[in-house]
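The values are calculated or read from the model by the stated rules, or taken from the named source; none is laboratory data. Everything numeric in this text was worked out from a predicted model, so none of it was measured. Note that we place each Cβ from the backbone using ideal geometry, even for glycine, and neighbour counts take in every protein chain shown. Accessible surface is based on the protein model in full, side chains and every heavy atom, while ligands, DNA and RNA are left aside. Shrake-Rupley method; radii C 1.70, N 1.55, O 1.52, S 1.80 Å.
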Amino acid sequence: MKYGYFNDETREYVITNPKTPTKWINYVGNLKFGGFVDQTGGSLICKGDPALNRIVKYLPQLPSYEFNGETTYIRVKENDSYNIFSPYYVPTLDKYDLYECRVGLGYSKYISEINGIRTEITVFVPENDPRLIRDIKVTNLRTTPVELDLIPVVEYTHFDALKQFTNADWVPQTMESKLIEEENGFKVLTQNAFMNRGTSVNYFTSNHPISSIESDRKIFLGDNEFGTWANPLSLQNEELSNYEASRGDNIGALLHHLGEIAPGESKRVITQLGQGEEISREQNSINKYRDEKNVDEAFNSLAKFWDNYLSKLQVETPDEQMNTLLNIHNPRQCYITKNWSRDLSLYQLGFGGRGIGFRDSSQDVLGVIPNYPEDARELIEKLLHTQKRNGSAMHQFFASTMEANEGDSRERPDRPDYYGDDHLWIVQSVCSYVKETGNIDFLNKEIPFYEKDSEGNPQESGTVLEHLKRSVHFTRNDTGANGLPLLGFADWNDTINLPTGAESFINAHLYGKALLELIDLLEFLGETETVETYKTWYAEMKEVVNNVGWDGEWYIRYIDHDGEPLGSHKNAHGQIYVNGQTWATISGFATEERAETALDSVYRILNTKNGIKLSYPGFNGFDPNKGGITTYPPGAKENGGIFLHTNPWAMIAETIVGNGDRAFEYYKQVNPVYKNDKIDEYEIEPYVYPQNILGDEHPQFGLGRNSWLSGTSSWMYQAGTKYILGIMAAYDGLIINPCIPKEWDGFKATKYFRNATYEIEVINSNHISKGVKSMTVDGEKIEGNKAPIFNDGKTHKVVVVLED
Ligand code: IFM
């Protein structure tokens with residue numbers, strides 16, 4: 001069954017059936033103010049911190065038919081009672097003549113037709129005046145005039161989101177609502193927690209006279225709440241009660257009489273849900289967004305942001321689904337993931353203080369750098385602020401306070417309190433930013449290390465370049481019995497927490513990759529002595545990896561504290577791990593022959609039609625000596641599930657060894673656009689990548705979960721653009737080095753790079769995967785495959801011919 005379709009012209013995914021197999025969401029605004037809206041109009045909105053400043057009560061675990069945070073009712077008087085329905089399907093669940101939820105870039109638009117009434121609602125957050133706008137247009141499709149009432153409703157949560165579950169007396173006792181009457185019938189309904197008076201207030205208002213309001217859920221639903229969201233009993237009354245709740249479950253319901261609407265006539269009402277310190281200070285901006293022109297302008301400016309963001313790279317390949325993804329949905333997901341880290345989704349609810357992960361965000365920025373490098377740099381700087389003087393990094397931090405902590409290792413005092421990989425990722429992030437922008441000065445910027453003195457001042461600062469050097473120095477000095485980097489509490493795989501002393505191969509590969517990046521950078525900067533040192537370190541680690549890591553057909557993944565391998569044919573569970581193979585190629589540590597053998601083993605043992613499994617066979621029973629991985633059944637998440645984040649690394653590795661057909665086979669099999677046709681198995685949104693899909697050891701093989709906020713997005717974008725299409729920024733030019741399926745005749749791409757536009761055409765009439773035979777730039781043949789930096793604001797034509 002299909003639930004919608006892609007519309008590339010409008011850059012939307014159009015949901016045509018609200019009964020999607022799981023909730024399908026879209027993001028509006030950002031961490032400063034925003035959240036997500038689902039396919040039936042529900043919303044989860046917060047300001048600044050999803051855990052500590054939550055505004056709307058949205059409980060993802062409730063069944064989809066339940067009211068979830070926000071809705072709008074429309075009512076029409078028929079005989080002696082009101083016929084009540086909702087343009088969002090939930091919570092009234094009526095039968096619609098038309099239902100669409102258009103998932104757009106930074107907005108969702110809901111269109112429905114029912115009872116001869118067409119409603120179009122655009123929901124978004126203006127860029128610079130944070131508030132949730134619902135721009136509602138109601139049209140009478142009937143042949144006779146109709147009199148309508150419109151009642152938008154929001155349900156609030158306590159600002160400390162977890163508290164609503166932990167104390168059901170204290171929380172309601174602290175909530176209060178007030179009504180502010182203005183001229184011309186305009187009203188603002190405010191709501192706050194008593195203790196926050198004077199520091200924060202939520203408000204709900206509109207640009208149309210409000211005839212009455214309700215702020216108490218019990219009164220709104222009626223009959224001691226045996227009235228339901230599907231049929232709130234108070235909506236049978238001419239007016240709402242105008243009760244200003246001084247405790248209880250606070251809601252905001254605004255009753256608008258729209259009056260008579262002639263056949264074909266439309267009426268427009270714009271609501272605003274926002275938060276300020278004091279309502280008096282919000283009045284000007286509230287008035288601003290009562291004006292339709294300003295709302296239109298804010299919406300257009302949002303569209304311009306996305307035009308600009310997406311214009312940095314557009315591709316035209318023979319694979320339309322790849323084009324849809326690379327031109328619209330994948331870069332959008334990269335930006336959303338960069339903004340929200342893992343702080344708020346249907347799956348990560350901002351509770352428990354996860355904050356922003358050092359490892360996660362260091363990878364997320366890689367997906368944003370080509371399109372919005374300065375925004376990525378801001379996050380890179382924050383990350384560097386949480387790096388320690390010894391070069392390792394704090395595992396996670398909170399953007400609002402910049403307070404950092406050591407993550408889950410805090411729960412295991414018997415294990416190391418650092419992660420062996422975190423600090424190594426940031427080397428790739430910084431180098432990628434400098435290659436994209438040419439901003440060498442950034443390397444000289446002084447940034448404090450995390451440690452503070454007793455007065456809270458940083459104990460030491462270092463240049464960005466110094467931070468990067470300390471990253472590799474830390475790992476150089478943090479090796480175990482075999483000379484491999486220690487695991488720490490965990491490496492990329494959070495769920496394998498071996499006793500102290502265990503060594504990790506992915507840490508070795510990340511170290512190797514970081515050294516390669518630094519060698520490249522320092523050669524460009526002319527620091528020859530350090531280059532030589534790093535080359536020696538690289539060669540030494542390469543030797544260790546190959547001496548102790550080769551298992552015959554693949555590389556092992558860990559060496560435990562007692563010298564036993566994990567990820568070896570000797571193990572009963574977890575015999576082979578994908579990362580051990582792909583990263584051996586990406587780091588350049590694997591010899592050509594071993595790289596190919598290891599990647600063939602991945603294809604043979606780990607690949608499935610729904611993606612590559614993380615490992616095989618899955619553990620089958622809890623083992624505290626292995627850690628979190630054994631808490632899942634075989635085939636789920638890190639325990640042999642298709643942990644999608646790792647799949648693009650396999651694509652990248654295949655392009656490195658020149659296997660464009662296999663790289664693309666991997667790309668295609670996880671492209672969510674294709675999932676649109678088998679969504680009943682996959683269940684989640686087909687317009688974004690998820691974190692995981694259940695593997696073939698699990699009875700629900702193919703089921704996706706944890707969509708939107710995943711490192712998959714950044715790496716899939718890189719695999720698609722930098723490695724398969726081969727368009728990669730370098731310090732001194734733009735490299736074009738595709739590795740594509742042999743059957744392709746070629747492709748085209750337009751890439752903005754260092755203040756110039758490169759119109760790229762790749763010709764593959766010889767039908768090979770990899771190998772640039774010739775390159776012309778503006779008609780002139782150049783040596784090699786690197787287009788020069790123009791920095792002239794003009795467009796340049798680059799033609800690349802592939803041949804063995
Ligand atoms: O690498 C981690 C990530 O940091 C958080 N989610 C799970 C991944 C794999 O364990």
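A single member of Gly462, Gly483, Gly456, Gly501 is more than 16 Å from Phe358 (Cβ to Cβ) and at pLDDT below 95, and it is Gly456. Screening Gly264, Gly274, Gly248, Gly252 for residues that are open to solvent by less than 70 Å² (accessible area, probe 1.4 Å), touching a residue at least 12 places away in the same chain (Cβ under 8 Å), over 16 Å from Arg75 (Cα atoms) and touching a Lys or Arg at 6+ places or on another chain (Cβ under 6 Å) leaves exactly one candidate, Gly274.
Checking the condition among the polar types (S, T, N, Q) and within 16 Å of the ligand (Cβ to nearest atom), which residue from Ser280, Ser311, Ser345, Ser285 passes? Steps first, answer last, please.
Values: Ser280 fails: within 16 Å of the ligand (Cβ to nearest atom); Ser311 fails: within 16 Å of the ligand (Cβ to nearest atom); Ser285 fails: within 16 Å of the ligand (Cβ to nearest atom).
Testing whether each residue is among the polar types (S, T, N, Q) and within 16 Å of the ligand (Cβ to nearest atom) leaves just Ser345.
Looking across the stretch 37-65, just one residue is among the polar types (S, T, N, Q), open to solvent by 40 Å² or more (accessible area, probe 1.4 Å) and at pLDDT below 95, and that is Gln61.
One line per residue, one yes/no per condition, for (1) in contact with a Phe, Trp or Tyr (Cβ under 8 Å, 6 or more places away or on another chain); (2) buried (at least 22 other Cβ atoms within 10 Å of the Cβ):
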{"residue": "Leu93", "(1), (2)": "yes, no"}
{"residue": "Arg102", "(1), (2)": "yes, no"}
{"residue": "Leu105", "(1), (2)": "yes, yes"}
{"residue": "Lys109", "(1), (2)": "no, no"}
{"residue": "Glu113", "(1), (2)": "yes, no"}
{"residue": "Glu120", "(1), (2)": "yes, no"}
{"residue": "Phe124", "(1), (2)": "yes, yes"}
{"residue": "Glu127", "(1), (2)": "yes, no"}
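The strands (runs of 3 or more DSSP E) found entirely in the stretch 39-122 that carry 2 or more residues being touching a Gly at 6+ places or on another chain (Cβ under 7 Å) and farther than 21 Å from Lys2 by Cα are 43-46, 70-78. Among the residues of the stretch 486-515, those that are open to solvent by less than 20 Å² (accessible area, probe 1.4 Å), outside any loop (DSSP other than H, G, I, E, B) and either within 16 Å of the ligand (Cβ to nearest atom) or out of contact with any strand residue (DSSP E or B) (no Cβ under 7 Å at 6 or more places or on another chain) (or both) comprise Gly488, Ser504, Phe505, Ile506, Asn507, His509, Leu510, Gly512, Ala514, Leu515.
Among residues of the stretch 367-398 being among the hydrophobic types (A, V, I, L, M, F, W, C) and within 14 Å of the ligand (Cβ to nearest atom), the one that is nearest to Leu31 (Cα to Cα) is Phe397.
Scan the stretch 695-717 for residues that are within 16 Å of the ligand (Cβ to nearest atom) and surrounded by 24 or more Cβ atoms within 10 Å (Cβ to Cβ) and jot them down.
Result: Gly695, Gly704, Ser707, Trp708, Leu709, Ser710, Gly711, Thr712, Ser713, Ser714, Trp715, Met716.
State all residues of the stretch 163-174 that are crowded, with 17+ Cβ neighbours inside 10 Å and of a type in the set (A, V, I, L, M); if no residue qualifies, say none. Within the stretch 163-174, Val171 is the sole residue that qualifies.
If only residues of the stretch 645-679 that are open to solvent by less than 10 Å² (accessible area, probe 1.4 Å) and among the β-branched types (Val, Ile, Thr) are counted, the one that is nearest to the ligand (Cβ to nearest atom) is Thr646. Of everything in the stretch 365-421 that's buried (at least 17 other Cβ atoms within 10 Å of the Cβ) and among the β-branched types (Val, Ile, Thr), which residue is farthest from the chain's Cα centre (by Cα)? Applying the filter and picking the extreme gives Thr386. Per the listing Ser177, Ser206, Ser212, the residue uniquely crowded, with 17+ Cβ neighbours inside 10 Å, among the polar types (S, T, N, Q), closer than 13 Å to Ile286 by Cβ and in contact with a Leu (Cβ under 7 Å, 6 or more places away or on another chain) is Ser206.
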